[in-house]
Amino acid sequence: MSSTESSSPPSIRVVIIGGNVGGLASAISFRRSGHQAVVLECRDSIAPEVTGGIRLPPNITKIIYQWGYEELLRRVAVKSSAIDLRLMDTGEKLGGHVWEEQLIRDARGDFMFTHHGDFVRFLHDIAEDMGAELHYSAKVVDVNMEDKIVTLEDGRVFEADVIVGADGADGISRPLFEAEEPEPLLNFYSTTIPMARILSDPLTADLHNENKAGLCAAWFGDGVAVLGWPLMKPEYALCVYGPPVGDQTGWLHQGKKDRMMEILNKAEPRLRKLGEWAREPHVVTVNKTIPLEEWFHDDGPYALVGHAAQPLAAGSIQEAATAFEDGVALGRIFSRIKNYDQISTYLIAYEEIRRDRDIRAYEKELEDIQFMCLPPQYAAARDNVLREKGKDGRNIFELEIPDDPTESEAWVAWEKIVDQFAYNAEEAADDWWHKTGKTIQASQGGVVDAPLLQIVVAKTHH
Ligand SMILES: Cc1cc2nc3c(=O)[nH]c(=O)nc-3n(C[C@H](O)[C@H](O)[C@H](O)COP(=O)(O)OP(=O)(O)OC[C@H]3O[C@@H](n4cnc5c(N)ncnc54)[C@H](O)[C@@H]3O)c2cc1C
């Protein structure tokens, strides 16, 4: 399939395992770079019919705007305006944060809420329009890295120049990269409630009135926490964190509403009502994971994106964004490729650009959730700080937290939030090109003082 030298840039054939956020973002980005993209998704439908809400921070929406799909996104996503922080048992408001125009303008995107299924369908439509080849009911059962062949359960085989593992935390890819068993920390219940139900009851109507359009509500409890936000459909997304209970979990399973209600029944009356009206939730675990050493396999041109590379906590702000950004950055780097021999160089560059950022996002999101779920001995200190600042009407994420009241001061590190929102995955790939890639390409055969080149040489001589 491949030739070593070519006068015009090659059109690489990329076979992507998994057609959710990471896989579809990869397909779009590779197509934008002029390559062939084949997506193999084991689900039999474009998107799951019943899903919960996800949050799209500015670092994801800005790329969608750059691509020219802002209007289309606005049909399925609601703009977020602010977040309120409350105590779960009493409902007392500790404080809030309004997303300032300036921050959002600087980030060049919006903070939005959407249904997971709507967002996957939205990405599918773009990928299809851009000419990606999309296969459903296509379960991958074997990856032959040396021969670059991917085999499906039904016997079909797909040849590739590059294989992308976008098959999530529980797919076929992570074990091939020697991922260690994760440690379950929390259960996460994701469900929705019809907005009409919420608005019809005076107790809950306040969660979504005219002044509060786009408000995300967060409730802090003892080892438990809840998030809620409005969706376009119109529905209300409800996310509940609680202790891990060792049941069968995963995005394909609905059930365990009784366990979710055990948590909500101890909470303020509004949360009890929301729980009663909610449909059966999806239940997944929030895990502690050991980051993979490498995202690019030694045995062949096989790289991981999204939760296959680094799973993030379900329901967290950057959960979908990291998967999306991985796919975007990977495809974008490949816009510069000049011949097939450079494939490994570009895959290593991708790992260099994305791995540390995803690990930082994973750690920060986990800290945020644990901060919401602090046990009483730490929660009191946390609540006092937030309450005091909330009284002044200040934006809560901009606070300076005194030394170690909660062991989670990073939660409110404003710089981290700004850093996450300001990031642009396409620009990160372009920066790599200008700082390192150009030199590598110019140096073929020569000696270059670039750290990446040393890694490339070490890996390709493996
Ligand atoms: C069905 C589903 C529903 C979800 N709903 C929500 C939600 O409501 N709220 C929320 O916060 N998050 C939800 N998520 C999680 C969230 O979207 C993702 O975890 C996150 O965006 C990372 O995306 P990803 O593409 O890296 O991985 P994933 O979302 O895990 O996607 C991996 C994809 O690979 C496919 N796959 C796995 N193994 C194979 C194989 N052997 N061959 C072919 N395909 C394979 C899976 O079917 C899946 O579509 C959902 C995920 C899934 C899979």
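For the set 62/389; 93/288; 288/364; 288/416; 93/266, the pairs lying more than 22 angstrom apart at their alpha carbons are 62/389; 93/288.
For the pair residue 74 and residue 245, the difference between a 0.36 nm per residue extended length and the Cα-Cα distance amounts to 57.8 nm. Treating only the Cβ atoms of Lys and Arg (+1) and Asp and Glu (-1) as charged, compute the dipole magnitude of the chain about its Cα centre; round to the nearest 20 debye. Magnitude of the dipole: close to 1180 debye. Calculated on C-alpha atoms, the gyration radius of segment 136-285 divided by its Kirkwood radius gives an Rg/Rh of 1.12. Scaling against 2.2 N^0.38 Å puts the C-alpha radius of gyration of the chain at 0.99.
For the pair residue 66 and residue 44, the difference between a 0.36 nm per residue extended length and the Cα-Cα distance amounts to 4.9 nm. So if I take the centroid of the Cα atoms in segment 90-107 and the same for segment 21-68, what is the distance between those two points in Å? When both Cα centres are located, 28 Å separates them. Which of 94, 52, 131 sits farthest toward the positive end of the charge dipole of segment 1-156, with +1 on the Cβ of Lys and Arg and -1 on the Cβ of Asp and Glu? Positive-end residue among those listed: 94. In the chain, Cα pairs under 8 Å separated by at least six residues give a relative contact order of 22 percent. Give the separation of the Cα centroids, segment 349-373 to segment 248-288, in Å. That distance is 25 Å. Relative to the longest principal axis of the Cα atoms of the chain, the long axis of helix 376-391 makes an angle of roughly 80 degrees.
Full extension of the chain between residue 277 and residue 81 gives 68.0 nm of extra length, using 0.36 nm per residue less the Cα-Cα distance. Only helical runs count toward this figure. For the chain, summing -39,500 (n - 2.57) over DSSP H runs of n ≥ 4 and dividing by all residues gives -11000 deg cm²/dmol at 222 nm. Across segment 40-130, Cα pairs under 8 Å and at least six residues apart give a relative contact order of 45 percent. Over all projection directions, the Cα-based convex hull of segment 287-366 averages an area of 5.1 nm².
In what sequence do 239, 42 fall when counting other Cβ within 10 Å, fewest first?
Fewest-to-most ranking of 239, 42: 42, 239.
Considering all alpha-carbon pairs of segment 15-111, what whole percent are spaced by more than 22 angstrom? Looking at segment 15-111, the distances longer than 22 Å represent 49 percent of pairs. Say each of residue 141 and residue 381 gets a label point 7 Å from the Cα, pointing the same way as Cα to Cβ; how far apart are those two points in nm? Placing both labels 7 Å along Cα→Cβ, they lie 5.5 nm apart. Look at the alpha carbon pairs under 8 Å that are at least 6 residues apart: their mean separation over the length of segment 1-91 gives a relative contact order of 20 percent. Between 29, 237, 289, the Cα set farthest toward the positive side of the dipole of the chain (charges on each charged residue's Cβ, about the Cα centre) is that of 237.
Just so you know, all these numbers are worked out from the coordinates, no wet-lab data involved. Since the structure is predicted, the reported quantities are computational estimates derived from the model, not experimental observations. All Cβ positions, even for glycine, are placed from backbone atoms using ideal geometry, and neighbour counts span all protein chains on display.
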